[in-house]
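The values are calculated or read from the model by the stated rules, or taken from the named source; none is laboratory data. These numbers were taken from a predicted model, which means no experiment stands behind them. All Cβ positions, glycine included, derive from the backbone under ideal geometry; neighbour counts span all protein chains shown. SASA here: full protein model, heavy atoms, side chains in, ligands and nucleic acids out. Shrake-Rupley method; radii C 1.70, N 1.55, O 1.52, S 1.80 Å.
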Amino acid sequence: VLQISKDDVTALQCKVVCLIQNGNFKEALGIINTHTKVLTSDIIAFEKAYCEYRLNRIESALKTIQSASQQTDKLKELYGQVLYRLERYDDCLAAYRDLIRNSQDEYEEERKTNLSAVVAAQSTWEKVVPEDLGLREATYELCYNSACALIGQGKLNEAMKKLQKAEELCRQSLSEDSDVTEEDIEAELAIIHGQMAYIMQLQGRTEDALQLYNQIIKLKPTDVGLLAVIANNIITINKDQNVFDSKKKVKLTNAEGVEHKLSKKQLQAIEFNKALLAMYTNQADQCRKLSASLQSQSPEHLLPVLIQAAQLCREKQHAKAVGLLQDFADQHPANAAEIKLTMAQLKIAQGSVTKACMILRSIEELQHKPGMVSALVTMYSHEEDIDSAIEVFTQAIQWYQQFQARTNYGCCVFQPKSPVHLSLIREAANFKLKHGRKKEAISDLEELWKQNPKDVHTLAQLISAYSLVDPEKAKVLSKHLPSSDTMSLKVDVDALENSHGATYVRKKAGKLTGDNQQKEQGQGEVKKKKKKKKGKLPKNYDPKVTPDPERWLPMRERSYYRGRKKGKKKEQVGKGTQGSTTTGSSELDASRTASSPPTSPRPGSAAAVSATSNVIPPRHQKPAGAAATKKKQQQKKKKGAKGGW
């Protein structure tokens, strides 16, 4: 037909539809653009917008739809899809509501599914509390979208139940078709299981989540968006561990077409994790390149700057990191608080606690917070700067006083101080008392007592402080203390001492009779004498032999030491058969060993030489059987040894 008539409208329109059915969107769009005079927007607006939508030219598709003279139901359906892809969820929600209200056909269930998907996206990405649309969750798609909305609200347990219901409905609906295999069912369930694993990860069940993620990857689903999300979540579980596995998973996030399947926040999170992974793998240039790209895309976002600062700290460039954070805080005052907290942490890591305190005190919106006050006081106390710590307390208390004055403006009725205000005053008073600032603590204690005159503890502290400054005032205040009768407590002392948690238990006194009772009455308590331990004596000690008075001295310092005899070994060399031992004739002479006196008499034992000449002092005696045990050991060694060359 077109060969006969090139500009036949019906033939051109049929050809465009056929190309769309075959998935040749680019060729179909080319025909539409080349025959603009014949194929006007009134005739083929839907086909043109649909081709642009499928070619991911979303902005162009939106312009084509808006330029159409007549908004048909088909264009309205496509308009809702385009708005969803552009993440204009409020407009998309209104478009689908209008469609559901003004149309009745067999596609009503699909429209409700799309409507629930918009609500889930609002809850997840914009943190909008979804309204109850009254949709009956009869399909697994509706259950799945409802679960996603609950995840956005943080209701993880309810979301898990919805996903389990969606899994059951999916199995039931697909099992009814005989052509659907078990593999097809598992592939369809992959997205539901992926969301279940995500909930497990949020709940801290990382092992279960990781196992389920890996099961989904093994199925090799065709949805590149699902694979990219799962790979990203596995990388977040690995963190700085199992880096090799994370590097493999990153490849799944770089698949073709991923950028058209995921939302902007999902893509941004993946890019952040890529930069962090580059930092953990010491790819400094890659980390800087990715973080700089992220910062150019979203200049007000904190994470790119924090990643750059972390990379500089890994390179030991702390000063440069602090400077980078300071520049960002000056350019974006709205995010300055979080940046300054990071700067303070870096200063503390460097040991500059005072500078860290100065940075923290520059955060005006956090100065009065109890956590900030506590941190500053602790840090100043560590630096022994008590005056600055007291100044922090004073500024915080003044802020609450001014806040109360603003809220009570024009009101004559006395308003009690807030619990936070009172706790700050009490902590300030305790801190001043601890560091000897009694005069400064008195005003705080008086303020506390004024708020609660029945507080005995505060009154006691006030009296204690005045006793060192103004004793007369302390006496006057002591009259307000309750009497001892009113303060008496009905406590069973014996039961308290015998309780399980008592550190001291009184021993029950035994019955005293006769002489013991008289001694107890007359003498009172008698201290027990400590028993002296008997000194240990050598095993071969002989009480009949007088010990050597020089036994405590080293052998070389004793008077009878003559040094070692030289030449004994030389005389024994080369005599006898191999392996035999040679002994001198003097050693074999029994008469000499039995009766010969020692070479030199020992001091203090001259009178008893004849009687004790052959007795060795205890310090020099060897235990009996020592030589025999040595021989036995040598024999055992010889028996156990294995010879061989």
For this session: Show the residue pairs that are 6+ apart or on different chains and have beta-carbon atoms under 7 Å apart, the first residue being within the stretch 62-87 and at positive phi, the second being open to solvent by less than 70 Å² (accessible area, probe 1.4 Å).
Result: GLU87/SER263
For this session: Could you please let me know if GLU183 is in a helix (DSSP H, G or I) and more than 33 Å from the chain's Cα centre (by Cα)?
Result: yes
Exercise. Do we find that ALA275 is over 28 Å from LEU227 (Cβ atoms) and either under 23 Å from the mean Cα position of the chain (by Cα) or not in a helix (DSSP H, G or I) (or both) in this structure?
Worked result: no
Seminar exercise, completed: The correct count of residues that are of a type in the set (Gly, Ala, Ser) and open to solvent by less than 60 Å² (accessible area, probe 1.4 Å) in the stretch 64-73 is 1
Exercise. Which one of these is surrounded by 13 or more Cβ atoms within 10 Å (Cβ to Cβ) and more than 38 Å from the chain's Cα centre (by Cα): LEU156, LEU133, LEU150, LEU142?
Worked result: LEU133
For this session: Please work out which residue is surrounded by the most Cβ atoms within 10 Å (Cβ to Cβ), limiting yourself to the stretch 470-490 and to residues that are part of a helix (DSSP H, G or I) and at pLDDT 75 or above.
Result: LEU477
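For every residue, the table says whether it meets (1) under 21 Å from GLY257 (Cα atoms); (2) within 51 Å of the chain's Cα centre (by Cα); (3) surrounded by fewer than 16 Cβ atoms within 10 Å (Cβ to Cβ).
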{"position": "LEU19", "(1), (2), (3)": "no, no, no"}
{"position": "GLU27", "(1), (2), (3)": "yes, no, yes"}
{"position": "LYS37", "(1), (2), (3)": "no, no, yes"}
{"position": "THR40", "(1), (2), (3)": "no, no, yes"}
{"position": "GLU52", "(1), (2), (3)": "yes, yes, no"}
{"position": "ILE58", "(1), (2), (3)": "yes, yes, no"}
{"position": "LEU62", "(1), (2), (3)": "yes, yes, no"}
For this session: Provide a single number: the residues in the stretch 435-463 that are among the polar types (S, T, N, Q) and exposed (fewer than 15 other Cβ atoms within 10 Å of the Cβ).
Result: 3
Exercise. Which helices (runs of 4 or more DSSP H) does the stretch 201-262 wholly contain that include 1 or more residues that are among the polar types (S, T, N, Q) and open to solvent by less than 50 Å² (accessible area, probe 1.4 Å)?
Worked result: 224-238, 243-253
Exercise. Within the stretch 274-284, can one find any residue that is surrounded by fewer than 15 Cβ atoms within 10 Å (Cβ to Cβ) and over 21 Å from ASN145 (Cβ atoms)?
Worked result: yes
Exercise. What number of residues within the stretch 74-130 satisfy the criterion of being open to solvent by 70 Å² or more (accessible area, probe 1.4 Å) and outside any helix (DSSP H, G or I)?
Worked result: 7
